[in-house]
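The values are calculated or read from the model by the stated rules, or taken from the named source; none is laboratory data. What you see is a predicted model, and the numbers here were worked out from it, not measured in a lab. Virtual Cβ from ideal backbone geometry, glycine too; neighbours counted across all protein chains shown. Side chains included, ligands, DNA and RNA excluded: accessible areas come from the protein's heavy atoms. Shrake-Rupley method; radii C 1.70, N 1.55, O 1.52, S 1.80 Å.
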Amino acid sequence: MKHLLPATLALSMLAGPAAAQGSGVTLYGIVDNAVEIQHVSAGSAGPARTSRQLVSGTFSASRFGFKGSEELGDGLRAFFQLEDGFNSDDGTITGAAFWGRKAIVGLGSNAWGDLWMGRDYTPAFWVQYFTDVNAFAMYGNSGTMSAFALTGMLRASNGVFYASPEFKGLRARLTYTFGDESPTAPTDVGKVLGLSLEYRSPTLSAGAYHQTRRVAFPANGSTSASSVYEGVTALYDFGGWAAGGGFTRYDPAGPDTATSGATRSLWASVQVRFGQGDLRLNIGRINTAVSVPTQGRSTLVGINYNYALSKRTNLYAGVGQTRNNVSAQLGLEGASRAIPNNGRDSDTTAAGAGIRVTF
């Protein structure tokens with residue numbers, strides 16, 4: 001789809017099995033730095049604060065990786081991909097695991113699809129990625145709008161993944177994981193089951209997904225229960241501009257509490273292209289069913305501009321804001337980087353400008 005050049009570039013680095021069609025090994029990556037101003041209003045957890053800093057990963061999370069494939073004959077191929085995240089502002093590694101972004105090996109067939117194992121993105125990620133004008137980039141992307149980070153289901157470890165062949169624009173994905181593989185009860189904690197159906201054409205991308213994750217419930221107990229994450233999204237390219245949106249529902253295990261409960265998210269996005277640049281507007285609302293008289297309500301807005309200097313380098317600038325009522329505490333995100341707030345009734349505003357180079 002032509003609606004987002006930077007998304008196409010990032011996709012070649014993210015897609016793994018779908019992109020591993022050649023032979024040999026490829027080194028790839030992204031380096032992304034920005035200057036950012038943050039303002040967080042007072043809330044239940046602290047006073048207001050304002051900061052100015054150099055940050056990594058506002059457009060895309062900085063990363064490097066290796067991927068490769070081998071043709072085995074009769075339409076069969078083997079492939080692998082290893083990907084690590086890092087902060088390019090100070091050189092530190094992101095996450096506890098070195099290859100925490102992706103670590104997979106598998107087999108692919110034009111006739112039967114791709115089957116791989118390891119740590120990778122879940123089906124819900126791909127549905128949202130292909131239907132987001134931001135492709136999970138900058139402020140107000142669909143990952144923030146859908147409260148994806150709350151679910152713990154963006155990626156899954158110890159998993160078996162399958163993607164069907166594409167048939168007239170349709171593709172199905174299925175993920176099953178063995179969870180945390182704990183020897184003590186509850187032994188099924190961390191198990192993820194996810195499935196999705198995607199449709200992609202030159203003008204329309206759409207999809208639906210349903211995922212569950214087993215968590216210990218009650219906390220620190222010997223039993224478990226399922227959290228559920230599901231949704232539908234779509235994006236249509238009109239030529240000079242594109243529009244999309246989505247609806248998601250996340251129901252964590254257990255009853256609603258005063259600070260946590262089932263969330264429902266609804267958002268809409270528009271992208272307008274002109275020359276080598278594009279402007280993106282995102283707006284959304286997340287309602288949280290907490291067990292207090294006032295239900296949680298968060299409103300998110302993102303306005304972002306991207307300018308492509310080349311196929312590998314782009315400049316960008318944007319501003320985003322999350323506004324929470326007295327029962328909500330959702331933060332703001334830039335790409336996969338979280339900007340925390342001060343608890344309930346705290347608003348987060350950030351503005352930044354930076355450069356991203358892919359290789």
Cα gyration tensor shape of segment 69-218, rounded if a/c is under 1.5, else prolate or oblate by comparing a/b with b/c: rounded
Hull volume in cubic angstrom per residue (convex hull over the Cα atoms of segment 167-214): 56
Cut-off 19 Å (backbone N to label point 7 Å along Cα→Cβ of SER291), residues of segment 202-231: 215-228
Additional length obtainable on full extension of the chain from THR92 to VAL357, 0.36 nm per residue less Cα span: 93.6 nm
Tally of Lys pairs whose C-alpha atoms are under 27 Å apart, taken over the chain, 8 or more apart or cross-chain: 9
Descending semi-axes in Å of segment 208-286, equivalent ellipsoid built from Cα gyration tensor: 37, 12, 10
FRET efficiency estimate (nearest 0.05) - Cβ-Cβ, LEU154 to TRP241, R0 30 angstrom: 0.60
Estimated Rh, segment 207-359: Kirkwood, alpha-carbon pairs, angstrom: 17.6
Extension gain (nm, one decimal) between LEU170 and TYR305, 0.36 nm per residue minus Cα-Cα: 45.5 nm
Residue with peak Gaussian network fluctuation, the chain [Cα springs, cutoff 10 Å], from ASP180, ASP114, ASP345: ASP180
Kirkwood hydrodynamic radius of segment 273-359, from inverse mean 1/r over distinct Cα pairs, in Å: 14.5
Estimated distance in nm for a label pair at ASN325 and ASN110, the labels positioned 7 Å out from Cα along Cα-to-Cβ: 5.6
Under the Karplus curve 6.51 cos²θ - 1.76 cosθ + 1.60, θ = phi - 60°, whole-Hz ³J(HN,Hα) for segment 67-83, x wherever Gly or Pro sits: 9, x, 8, 9, 6, 9, x, 6, x, 9, 9, 10, 8, 8, 7, 10, 9
Difference of contour (0.36 nm per residue) and Cα-Cα distance, VAL25 to LEU76: 16.6 nm
Pair THR223, ILE37: separation of 7 Å Cα→Cβ label points (nm): 5.3
Calculated from backbone phi, Karplus (6.51, -1.76, 1.60) coupling profile of segment 300-317 in Hz, x at Gly/Pro: 10, 9, x, 10, 9, 10, 10, 10, 8, 6, 7, 5, 10, 10, 9, 9, 8, 8
Helix-only mean residue ellipticity at 222 nm for the chain, each DSSP H run of n ≥ 4 adding -39500 (n - 2.57), per residue, nearest 500: -1500 deg cm²/dmol
Max mean-square fluctuation residue, GNM over the chain, Cα-Cα springs under 10 Å, options LEU332, LEU150, LEU72: LEU72
Of PHE136, PHE66, PHE167, the one that fluctuates the most in a GNM where the chain has Cα springs shorter than 10 Å: PHE167
ARG52 paired with PHE66, simple spin-label distance in nm, labels 7 Å along Cα-to-beta-carbon: 4.3
Dimensionless Rg over Rh [the chain; C-alpha; Kirkwood]: 0.96
Heavy-atom accessible area ranking, 1.4 Å probe, most first, across TRP126, TRP241: TRP241, TRP126
Amide proton proximity set for GLY343, modelled H, under 5 Å, gap of 5+: ALA45
